[in-house]
There are 2 protein chains.
Amino acid sequence: MKLYDAPVAPNPRRVRWVMAEKGITDIEVVQVSIPDSEHKSADYLAKAGLPQLPMLEMDDGAAVTESLAICRYLESRYPEPNLFGRTPEETAVIEMWTRRAEMLVATPFMLGVRLAHPAFAPLETPAPEVAEWNQKTAMNALKVLDRRLGESAFLATERITIADIVAVIGIDFARIVRLRPPEELAHLNRWLAAMRERPAAGV
Amino acid sequence: MKLYDAPVAPNPRRVRWVMAEKGITDIEVVQVSIPDSEHKSADYLAKAGLPQLPMLEMDDGAAVTESLAICRYLESRYPEPNLFGRTPEETAVIEMWTRRAEMLVATPFMLGVRLAHPAFAPLETPAPEVAEWNQKTAMNALKVLDRRLGESAFLATERITIADIVAVIGIDFARIVRLRPPEELAHLNRWLAAMRERPAAGV
């Protein structure tokens, strides 16, 4: 297997975090420079189809982009610790919270950064109103996570799962535009501090 | 199992379409009226956590919202025909195309309708610039699907999968704001006509 990786961007960080939680060290990692447009080279596009990172070349030689598809595939090869669920019922609850974390918080924060911050202007046409709507949407949705974390140690279950990893990486990325969870969201901030103390948070 | 369902909305339709493809007829279906705010009642929220539809009460009694979590769970109970993948590699490719269909096309079309159309004003504060950005983003991303459908009968594999269902329901929903794939996207229109002819399309 070979992983194509890039720094700063939130989606490649999901894969690195999952690899760190699982102690995966035997996959070759290739750095791809987004500022140098290496993800738009003919060679890269021939494999990935779209200028997206991360990308994983799987055991059968096929390449797959999309961070969560890659993470779920890694779990099939490195099952422990389990991050996606051990039974169909648990898998469904984890997928529900992963989707809520992504669609309510991580994706709007990502758009709220990429469409607003001047550093991204070479990659994406700025759209200030759209960025602002997304930032507000994500900040507002943090209350949903806080409420959940008042009744559960982690978002989906009593142990860390892919849902927590998606959520914290989305929240971390928003620091680029100086957005942070308000202090009154005490459950969220307790969980966030615990997530950031994990060794995997350093990836 | 008990499914909480609603008409018109695209996410409940994903579950109905999957049930139709699999011939599932033995799950009790309860209609929830969004115009009457039944999805915001105390009883409903106690189960769902958020005012979201669809919701499935699973075999173990737990309730799960999020259409794709529900559909994957249904596949664990009704495996045939397979819609999510038979091997880890195939599952990864299907999840990649499902995410592309959702994030590039279905979600922006959904926001492009809900934030623009007067019928949704009671549910969502209109935001015309954000709606327009989302509509343009989705219309532009149809080219990605068209290119893929020039090399494959269906989006992820040579057979129908959940990726196709997510894509066609997103495209169908955009008809509310009179957006349709341009005629020059011949591969996409060939596939769209085939998808709309399936018995499951009537759900």
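The values are calculated or read from the model by the stated rules, or taken from the named source; none is laboratory data. Computed from a predicted structure; not experimentally measured. Glycine gets a Cβ as well: all are built from the backbone with ideal geometry, and neighbour counts include every protein chain shown.
Structure above, values below:
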| quantity | calculated |
| --- | --- |
| Condition met for A:L74 (buried (at least 20 other Cβ atoms within 10 Å of the Cβ) and among the aliphatic types (A, V, I, L, M)) | yes |
| Failed condition for B:R100, given (1) surrounded by fewer than 21 Cβ atoms within 10 Å (Cβ to Cβ); (2) in contact (Cβ under 8 Å) with a residue 24 or more places away in the chain; (3) among the basic types (K, R) | (1) |
| Single unsatisfied condition, A:P108 versus (1) crowded, with 17+ Cβ neighbours inside 10 Å; (2) over 15 Å from the mean Cα position of the chain (by Cα); (3) more than 9 Å from chain B (Cβ to nearest Cβ); (4) not aliphatic (A, V, I, L, M) | (2) |
| Matching residues in segment B:111-136 - criterion: being surrounded by 14 or more Cβ atoms within 10 Å (Cβ to Cβ) and among the hydrophobic types (A, V, I, L, M, F, W, C) | B:L111, B:V113, B:L115, B:A116, B:F120, B:A127, B:V130, B:A131, B:W133 |
| When residues of segment A:142-166 are limited to those that are closer than 15 Å to A:M103 by Cβ and at the interface with chain B (Cβ under 10 Å from one of its Cβ atoms), the one surrounded by the fewest Cβ atoms within 10 Å (Cβ to Cβ) | A:V144 |
| Condition met for A:A42 (loosely packed, with under 13 Cβ neighbours inside 10 Å and at pLDDT 95 or above) | yes |
| Qualifying residue in segment A:146-154 (condition: closer than 10 Å to A:G112 by Cα, assigned by TED's automatic domain parsing to the domain that holds A:E102 and more than 17 Å from the chain's Cα centre (by Cα)) | no |
| Residue match in segment B:13-33 (condition: aliphatic (A, V, I, L, M), surrounded by 21 or more Cβ atoms within 10 Å (Cβ to Cβ) and either within 9 Å of chain A (Cβ to nearest Cβ) or without any contact (Cβ under 8 Å) to a residue 12 or more places away in the chain (or both)) | no |
| Candidates A:P88, A:P79, A:P54 - the one that is over 30 Å from A:E151 (Cβ atoms) and either surrounded by fewer than 22 Cβ atoms within 10 Å (Cβ to Cβ) or in contact with a strand residue (DSSP E or B) (Cβ under 6 Å, 6 or more places away or on another chain) (or both) | A:P54 |
| Boolean, B:I169 is crowded, with 24+ Cβ neighbours inside 10 Å, away from chain A (no Cβ under 13 Å) and within 19 Å of B:S67 (Cβ to Cβ) | yes |
| Test for B:V168: is it in the same structural domain as B:N134 (by TED's automatic domain parsing) and within 15 Å of B:V18 (Cα to Cα) | yes |
| Search result, residues across segment A:83-97 that are more than 7 Å from chain B (Cβ to nearest Cβ) and touching a residue at least 24 places away in the same chain (Cβ under 8 Å) | A:L83, A:F84, A:G85, A:E90, A:I94, A:W97 |
| Residue in segment B:60-71 that is aliphatic (A, V, I, L, M), more than 8 Å from every other protein chain (Cβ to nearest Cβ) and surrounded by fewer than 23 Cβ atoms within 10 Å (Cβ to Cβ) present | yes |
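Yes or no, residue by residue, for (1) among the hydroxyl-bearing types (S, T, Y); (2) under 30 Å from A:M55 (Cα atoms); (3) in the same structural domain as B:V166 (by TED's automatic domain parsing):
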position: B:I27; (1), (2), (3): no, no, no
position: B:D59; (1), (2), (3): no, no, no
position: B:T107; (1), (2), (3): yes, yes, yes
position: B:G112; (1), (2), (3): no, yes, yes
position: B:H117; (1), (2), (3): no, no, yes
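Conditions tested, residue by residue: (1) within 21 Å of A:I160 (Cβ to Cβ); (2) basic (K, R); (3) in contact with a Gly (Cβ under 7 Å, 6 or more places away or on another chain); (4) within 9 Å of chain B (Cβ to nearest Cβ).
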{"residue": "A:A46", "(1), (2), (3), (4)": "no, no, no, no"}
{"residue": "A:P51", "(1), (2), (3), (4)": "no, no, no, no"}
{"residue": "A:M58", "(1), (2), (3), (4)": "no, no, no, yes"}
{"residue": "A:Y78", "(1), (2), (3), (4)": "yes, no, no, no"}
{"residue": "A:P122", "(1), (2), (3), (4)": "no, no, no, no"}
{"residue": "A:A127", "(1), (2), (3), (4)": "no, no, no, yes"}
